[in-house]
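So the structure is just underneath, and the comments pick up after that.
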Amino acid sequence: MKVMIVVTHLLGTGHLSRALTLGRAFAQDGHQVLLVSGGMPAPQLDSAGMTVFGLPPLRSDGTDFTRLLTQTGDVADDAYFQARKRALVEAVRSFAPDILITELYPFGRRSLTGEFSAALDAAQELPAKPVILGSVRDILAPPSKPAKAERTEQIVLGTYDGILVHSDQKAVPLGLSWPVSEQLEKRLFYTGFVAPNAPDPHPDAVGRGEVLVSAGGGSVGQPIFRAAIEAARKMSSRRWRLLVGGQDARERIDRLSQYVGDAPVTLERVRQDFRQMLPHAAASVSMCGYNTALDILQTGTAAVFVPFDDGKEVEQTLRGRSLSNLPAIDVLPSQFLNGETLAMAVDRVIDAPTRTVAEFGFDGAARSVDIAKTLWERRT
């Protein structure tokens with residue numbers, strides 16, 4: 001099969017990372033994969049086995065997802081959006097996929113409805129119409145108005161063969177964050193969680209005994225890093241390693257370095273071997289995005305989650321609450337974040353009973369491949 005995945009990450013890199021994990025699963029099963037990315041370049045992520053085609057990139061203006069910026073920081077104008085739409089439609093027509101997967105849309109990315117709609121129209125006009133699937137994480141940003149949920153359902157029922165929900169229905173049903181009607185329920189395929197294979201411990205034991213502080217691959221998390229520096233000063237017997245992401249990582253590291261002083265802190269850019277470092281760490285401090293949460297569950301690392309909640313975001317808070325009953329996991333709301341509270345939370349999780357490493361339920365990528373193949377075989 002020829003599989004095309006369309007994804008645009010606007011703030012962090014979580015959406016792209018999950019889409020790449022899906023793409024690798026299809027490629028490993030012997031399929032030709034084209035991933036179309038509309039967000040900022042993220043070369044640290046693994047795209048092995050597939051072709052990645054970049055649209056003119058966009059990012060959000062902080063948490064304002066209605067104000068989209070180009071790579072140079074200019075507000076994207078109509079000509080820019082039209083160029084993206086033309087490139088995406090041409091990619092659909094030239095690749096002619098058997099399976100077309102849109103990541104998050106139509107449950108999100110409404111500001112990009114024009115290009116997604118054009119791509120879906122182009123797909124349906126192909127000589128052999130592809131199986132069209134949506135791909136969504138466990139928890140979505142709830143619709144602010146009933147009309148948004150109704151419009152999303154109309155699009156799904158009118159265009160999509162199914163929605164891949166990357167969750168365990170018994171643990172986190174989509175209805176926890178999104179209104180699911182009887183009609184929509186029939187289009188949902190729960191895949192289990194989408195994660196790469198559990199990481200092997202780092203061969204050089206990098207990060208052993210450290211507190212690893214991360215905030216994904218985007219330009220967010222500065223308050224977490226500032227609080228971590230202060231917390232490290234209070235826990236001087238343990239080294240803290242801060243992994244800073246985003247296009248402006250170098251500038252952010254320079255700003256943070258002004259506060260380090262004699263604190264036991266290492267500042268560096270995000271690393272490709274981050275997941276391998278987790279099994280060696282004394283604790284992890286991070287936000288509570290989908291991919292990061294799964295990393296923590298797969299490695300059994302003690303963790304303090306500071307859910308991202310700017311701009312009325314509730315996804316990470318809901319996920320954090322669902323995990324907070326597990327041993328060696330603490331949730332620190334951002335409004336209570338400072339050096340003292342973070343140091344206390346890290347102490348608690350390090351001293352907590354060891355958590356059993358989760359060894360099952362992470363085969364959502366492989367299950368997605370099976371579901372897509374089944375739907376395609378029924379059509380052919």
* To do: Sort Arg187, Arg18 so the one with the fewest other Cβ atoms within 10 Å of its own Cβ comes first.
  => Arg187, Arg18
* Structure fact -> The ³J(HN,Hα) series, computed from each phi in the range 82-89 with the Karplus coefficients 6.51, -1.76 and 1.60 at θ = phi - 60°, rounded to the nearest Hz and given as x for glycine or proline, is 5, 5, 4, 4, 4, 5, 5, 4
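Compactness ratio of the chain: Cα Rg over 2.2 N^0.38 Å, N = residue count?
Details: Rg = 20.7 Å, N = 380, 2.2 N^0.38 = 21.0 Å.
Compactness ratio reported: 0.98.
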* Pairs of lysines 8 or more apart, or on different chains, with alpha carbons under 16 Å: count those in the chain, would you? => 4
* If amide H atoms are built 1.01 Å from N in the plane of the peptide, which residues on other chains or at least 5 residues away come under 5 Å of the amide H of Arg269? -> Val244
* Asked: When DSSP assigns beta bridges and you keep just the ones with both residues in the chain, what percent turn out antiparallel, to the nearest 5?
  -> 10
* **In Hz, Karplus ³J(HN,Hα) per residue of the range 37-49 (6.51, -1.76, 1.60; θ = phi - 60°; x = Gly, Pro)** => 10, x, x, 5, x, 9, x, 6, 8, 8, 10, 4, x
* Structure fact -> For the range 211-351, the percent of all C-alpha pairs falling in each 10 Å bin, from 0 up to the bin holding the max distance, is 12, 47, 36, 4
* Structure fact -> Expected vector for the range 109-126, Karplus 3J(HN,Hα) from phi with 6.51, -1.76, 1.60 and θ = phi - 60°, integer Hz, x for Gly and Pro, equals 6, 5, 5, 10, 4, x, 6, 5, 4, 5, 5, 5, 4, 4, 5, 6, 8, 5
* Between the alpha-carbon centers of the range 97-155 and the range 264-296, tell me the distance in whole angstrom. => 32
* Between rounded, prolate and oblate, where does the range 67-114 land on the alpha carbon gyration tensor, with a ≥ b ≥ c its root eigenvalues, rounded for a/c under 1.5, else prolate if a/b exceeds b/c? -> oblate
* Asked: What residues have an amide H closer than 5 Å to that of Tyr190, excluding those fewer than 5 places away on the same chain, when H is modeled at 1.01 Å from N in the peptide plane?
  -> Val165
* Structure fact -> From DSSP H assignment alone, runs of 4+ in the chain each adding -39500 (n - 2.57), the sum over residues rounded to the nearest 500 puts [θ] at 222 nm at -11500 deg cm²/dmol
* **Long-range HN-HN contacts of Ala76 with modeled amide H, under 5 Å** => Leu68, Leu69, Thr70
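Taken together, the values in this text are just the output of simple stated rules run on the coordinates, not laboratory data. Fair warning: this is a prediction, and the values are worked out from it, not measured in the lab. Don't worry about glycine lacking a Cβ; one is built from the backbone with ideal geometry, like all the others, and counts go over all protein chains shown.
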